[in-house]
Amino acid sequence: VLPFVAMAKEFAARGHDVILYANPFFQHMASEESAIRFVPISTVEKYSSVLGELADGNPRRTFQRVAREYVDICPEYYRAMKADVIPGETIVIGTSLMFAARLLGETDHLPCAIIHLAPSVFRSNVKPSRLLPNWITPRTPSFLKTTAWWMMDKTFCDPHFTAPLNHYRAELGLPAVDRIFCSWIHEADSVVGLFPDWFGEPQSDWPKHVALTGFPFFDNGDQTPISADLDAFLKAGPPPVAFSAGTATATALEFFKTSIEAAKIAGLRAILLSHFPQQIPTDLPEHVIHVDYAPFSILLPKLAAFVHHGGIGSTSQALRAGVPQLIRPVAYDQFDNADRAVRLGVAREVLPTRYVPRTVAGVLRELTTDAGLRQRCQRVAERFTDCSSIAAACDAVLSCLCEDA
């Protein structure tokens, strides 16, 4: 959601009328901007309920539940957005799996932009993104690559995404679409990748009209500084390790229990990041603190290492901060993001099945003592000299959609 809040603020600053549609859980993030009208979709209770149903460590079950939620919520987004259309003046912008934007673009003949937050959404046989713990690679024979994509579509994408989408398309009077993750999700007037080409290098079999604009570093750090308790903890000892299961996870109690024990074994202080208190053990040791939220742009440069799930926001913020990473990917784009960070030489991966105290402690010792790894982290951090990715994304949308922009 944060990248879209950032784009909304940029468009508003340029004089556009901006409407942001999202769950009311995120309303406070846009509330400071009177130029942005926030339209709540669904409820905070539903949002929390869905996250509580996601199976930490089970990528298939997790993505099935997420798919069902996207399918269920699509009509509500579509109806809310359609009610605000001004013919001839409206541009609709959406993200990879929020199909309402594409549907509205088709039914109302509106210019449409799709924003992809991570490179894993682009299918490639030249250099396949890693979508599961064990997946096809560039060295996989061509016929096996074709078979793998076909099996993924047949057994997962088609029943959980394509079939429900086509059912709703029929209600809207639109024709059915096939294998939507091959090309349909990229068939918009403007397609933007919010990541740099050195992280997700475009392949020869990617869509040709993709504009890569860089990571969208926006975390409300100017509005939400770190708390006094966290600031005092940071100053009270050596740099700690922070642990995060991701903002879209509410069932990671075992992850945090294991992390506390691993930090103890490694002799490291620890910060547990989660806005779901039910994930955090009670009676934390003296060397451990729990915080609901801290802007990564402020916190991560102060850490000895960062342990996280591999979400694109966490990964990119850690790259910019120059902090060593231990990534525990669970689902979605996380396996691919972890793979790319490991290849850059700045991260180590530990899958959930191997995330046990002594293994994690050993990796943390390596991350916090390896001078060569720290130097590689700094070299990657030096690539972040341009902070104009949000402006560039807005430019890409307008240049493709508005001839007079």
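The values are calculated or read from the model by the stated rules, or taken from the named source; none is laboratory data. As the structure is a computational prediction, the values presented were derived from the model and not from experiment. Reconstructed Cβ throughout: ideal geometry from the backbone, glycine too, with neighbour counts over all protein chains shown. The accessibility values were calculated without ligands, DNA or RNA, using every heavy atom of the protein model including side chains. Shrake-Rupley method; radii C 1.70, N 1.55, O 1.52, S 1.80 Å.
Where residues in region 211-225 are hydrophobic (A, V, I, L, M, F, W, C) and surrounded by 18 or more Cβ atoms within 10 Å (Cβ to Cβ), which of them is farthest from A304 (Cα to Cα)? If we take residues in region 211-225 being hydrophobic (A, V, I, L, M, F, W, C) and surrounded by 18 or more Cβ atoms within 10 Å (Cβ to Cβ), then L212 is farthest from A304 (Cα to Cα). Go through region 104-116 and give me each residue that's over 17 Å from H209 (Cα atoms) and touching a residue at least 40 places away in the same chain (Cβ under 8 Å). G105, E106, T107, listed by residue number. Would it be correct to say that R354 is within 20 Å of G193 (Cα to Cα), under 24 Å from the mean Cα position of the chain (by Cα) and surrounded by fewer than 19 Cβ atoms within 10 Å (Cβ to Cβ)? Answer is no for this residue. Residue check: M7 meets all listed conditions (1) surrounded by fewer than 17 Cβ atoms within 10 Å (Cβ to Cβ); (2) in contact (Cβ under 8 Å) with a residue 60 or more places away in the chain but one, namely (1).
Residues in region 288-308 that are modelled with pLDDT under 95 and open to solvent by 20 Å² or more (accessible area, probe 1.4 Å): D292, Y293, F296, S297, I298. Just one residue in the set V121, V92 is among the β-branched types (V, I, T), within 26 Å of F11 (Cα to Cα), open to solvent by less than 40 Å² (accessible area, probe 1.4 Å) and touching a Ser or Thr at 6+ places or on another chain (Cβ under 7 Å); that residue is V121. Do we find a residue being farther than 18 Å from V71 by Cα and more than 18 Å from the chain's Cα centre (by Cα) anywhere in region 161-179? The answer is no; no qualifying residue exists.
Matching residues to (1) open to solvent by 60 Å² or more (accessible area, probe 1.4 Å); (2) touching a helix residue (DSSP H, G or I) at 6+ places or on another chain (Cβ under 7 Å); (3) in a helix (DSSP H, G or I); (4) more than 22 Å from F63 (Cα to Cα):
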site	(1), (2), (3), (4)
V126	yes, no, no, yes
W135	no, no, no, no
W149	no, no, yes, no
F156	no, no, yes, no
P159	yes, no, yes, no
A163	no, no, yes, no
A170	yes, no, yes, yes
G173	yes, no, no, yes
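Residues of region 241-279 that are hydrophobic (A, V, I, L, M, F, W, C), at pLDDT below 85 and open to solvent by 40 Å² or more (accessible area, probe 1.4 Å): A248 alone.
Give region 58-103 a look and list any residue that's in contact with a Lys or Arg (Cβ under 8 Å, 6 or more places away or on another chain) and either among the polar types (S, T, N, Q) or in contact (Cβ under 8 Å) with a residue 40 or more places away in the chain (or both), or say none. Of everything in region 58-103, just one residue is in contact with a Lys or Arg (Cβ under 8 Å, 6 or more places away or on another chain) and either among the polar types (S, T, N, Q) or in contact (Cβ under 8 Å) with a residue 40 or more places away in the chain (or both), namely L103. Comparison of D56, D84 shows that the only residue that is open to solvent by 20 Å² or more (accessible area, probe 1.4 Å), in contact with a Ser or Thr (Cβ under 8 Å, 6 or more places away or on another chain), modelled with pLDDT under 90 and charged (D, E, K, R) is D56. On the basis of being of a type in the set (A, V, I, L, M), under 28 Å from L230 (Cα atoms) and without any contact (Cβ under 8 Å) to a residue 40 or more places away in the chain, does A347 make the cut? Yes; evaluated as a whole, the condition is true for this residue. Filtering A381, A338 for residues that are modelled with pLDDT of 95 or more and closer than 30 Å to A232 by Cβ leaves a single hit, A381. Set side by side, the residues A361, A321, A371 differ, and just one is in contact with a strand residue (DSSP E or B) (Cβ under 8 Å, 6 or more places away or on another chain), aliphatic (A, V, I, L, M) and either more than 29 Å from A228 (Cβ to Cβ) or open to solvent by 10 Å² or more (accessible area, probe 1.4 Å) (or both), which is A321.
Every condition in (1) part of a strand (DSSP E or B); (2) on the phi > 0 side of the Ramachandran plot holds for D283 except the one numbered (1). Is one or more of the residues making up region 59-72 out of contact with any strand residue (DSSP E or B) (no Cβ under 9 Å at 6 or more places or on another chain), modelled with pLDDT of 95 or more and surrounded by 15 or more Cβ atoms within 10 Å (Cβ to Cβ)? No, every residue in region 59-72 fails to be out of contact with any strand residue (DSSP E or B) (no Cβ under 9 Å at 6 or more places or on another chain), modelled with pLDDT of 95 or more and surrounded by 15 or more Cβ atoms within 10 Å (Cβ to Cβ).
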